[in-house]
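The values are calculated or read from the model by the stated rules, or taken from the named source; none is laboratory data. Predicted, not measured: the structure shown is a model, and the values here were computed from it. Don't worry about glycine lacking a Cβ; one is built from the backbone with ideal geometry, like all the others, and counts go over all protein chains shown. Just so you know, the surface numbers come from the protein's heavy atoms only, side chains and all, with ligands and any DNA or RNA stripped out. Shrake-Rupley method; radii C 1.70, N 1.55, O 1.52, S 1.80 Å.
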Amino acid sequence: MKLTIGCDHGGRRLKDAIVKHLREKDIEVVDIGTYTDDSVDFPSYAEEVANQVVSGQSELGILCCGTGIGMSIAANKVDGIRAAVVSDTFSARATREHNNSNILCLGERLIGEGLALLIVDTWLGATFAGDRHKRRLDKITELERK
């Protein structure tokens, strides 16, 4: 599996911990930054991760900022992206099984590193359930085309 991860200054420490965790699990990770605590504009990172996912360069993406909200709003502007802000393992599993999310958004200021790593593992371990959920995703795709 190949995954692209990005963050702004508010999510850098969490992003670094996730990158280390995933690489220890032998998951290929493309880290697009940011790499410092200097203020940056989160939409640029959200767009880059989203573009890598929709183009097929990466299977999935993770975005980190202070709350995860800004990143999810920006990433969801890219057609084909289903970015979800998650702060618990139930939602992590549900967003993959029911919504086939392809980008996970996390907030460094909301959750600790331990919970974040558990959420990442849960999200990566879940798979899309299809069936009635596919019909609903098809309706979302129709909305994107309007």
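Looking only at residues in region 14-55 that are of a type in the set (G, A, S) and part of a helix (DSSP H, G or I), which one is most open to solvent (accessible area, probe 1.4 Å)?
Our first condition is that a residue be of a type in the set (G, A, S); within region 14-55, this holds for 17, 33, 39, 44, 46, 50, 55.
Okay, now just the ones that are also part of a helix (DSSP H, G or I), so 17, 44, 46, 50.
Values: A17: 18, S44: 71, A46: 0, A50: 0 Å².
Result: S44.
Among the candidates R82, R109, R93, single out the residue that is among the basic types (K, R) and under 13 Å from H9 (Cβ atoms).
Values: R82 fails: under 13 Å from H9 (Cβ atoms); R93 fails: under 13 Å from H9 (Cβ atoms).
Selected residue: R109, the only one of R82, R109, R93 that is among the basic types (K, R) and under 13 Å from H9 (Cβ atoms).
Test G11 against the criterion of being part of a helix (DSSP H, G or I), surrounded by 18 or more Cβ atoms within 10 Å (Cβ to Cβ), within 13 Å of the chain's Cα centre (by Cα) and of a type outside the set (A, V, I, L, M), and give yes or no.
Details: part of a helix (DSSP H, G or I): yes; surrounded by 18 or more Cβ atoms within 10 Å (Cβ to Cβ): yes; within 13 Å of the chain's Cα centre (by Cα): yes; of a type outside the set (A, V, I, L, M): yes.
When the stated conditions are applied, G11 passes them.
Looking at region 124-139, is at least one residue of a type in the set (A, V, I, L, M, F, W, C), touching a residue at least 12 places away in the same chain (Cβ under 8 Å) and within 15 Å of I5 (Cα to Cα)? Quick ask: steps written out before the conclusion?
Residues of region 124-139 that are of a type in the set (A, V, I, L, M, F, W, C), as a first pass: 124, 126, 128-129, 137.
Restricting the remaining residues to those that are touching a residue at least 12 places away in the same chain (Cβ under 8 Å) gives 124, 126, 128-129, 137.
From what's left, within 15 Å of I5 (Cα to Cα): 124.
Yes - at least one qualifying residue is present in region 124-139.
Against the condition of a type in the set (A, V, I, L, M) and under 21 Å from Y35 (Cα atoms), how does L63 come out, does it pass? Steps first, answer last, please.
Numbers: of a type in the set (A, V, I, L, M): yes; under 21 Å from Y35 (Cα atoms): yes.
Yes: the conditions hold for L63.
Output the residues belonging to region 1-30 that are without any contact (Cβ under 8 Å) to a residue 24 or more places away in the chain and either touching a helix residue (DSSP H, G or I) at 6+ places or on another chain (Cβ under 8 Å) or under 18 Å from G114 (Cβ atoms) (or both).
Step one: list which residues in region 1-30 are without any contact (Cβ under 8 Å) to a residue 24 or more places away in the chain, which gives 16, 19-20, 23-26.
Of everything in region 1-30, those that are without any contact (Cβ under 8 Å) to a residue 24 or more places away in the chain and either touching a helix residue (DSSP H, G or I) at 6+ places or on another chain (Cβ under 8 Å) or under 18 Å from G114 (Cβ atoms) (or both) turn out to be D16, V19, K20, R23, E24, K25.
Rundown of residues vs (1) among the hydrophobic types (A, V, I, L, M, F, W, C); (2) under 21 Å from T127 (Cα atoms), yes/no style:
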residue: L3; (1), (2): yes, yes
residue: A17; (1), (2): yes, no
residue: L22; (1), (2): yes, yes
residue: D31; (1), (2): no, no
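Looking at E108, E144, which is the one that is among the acidic types (D, E) and more than 14 Å from the chain's Cα centre (by Cα)?
Details: E108 fails: more than 14 Å from the chain's Cα centre (by Cα).
Going through E108, E144 in turn, the sole match is E144.
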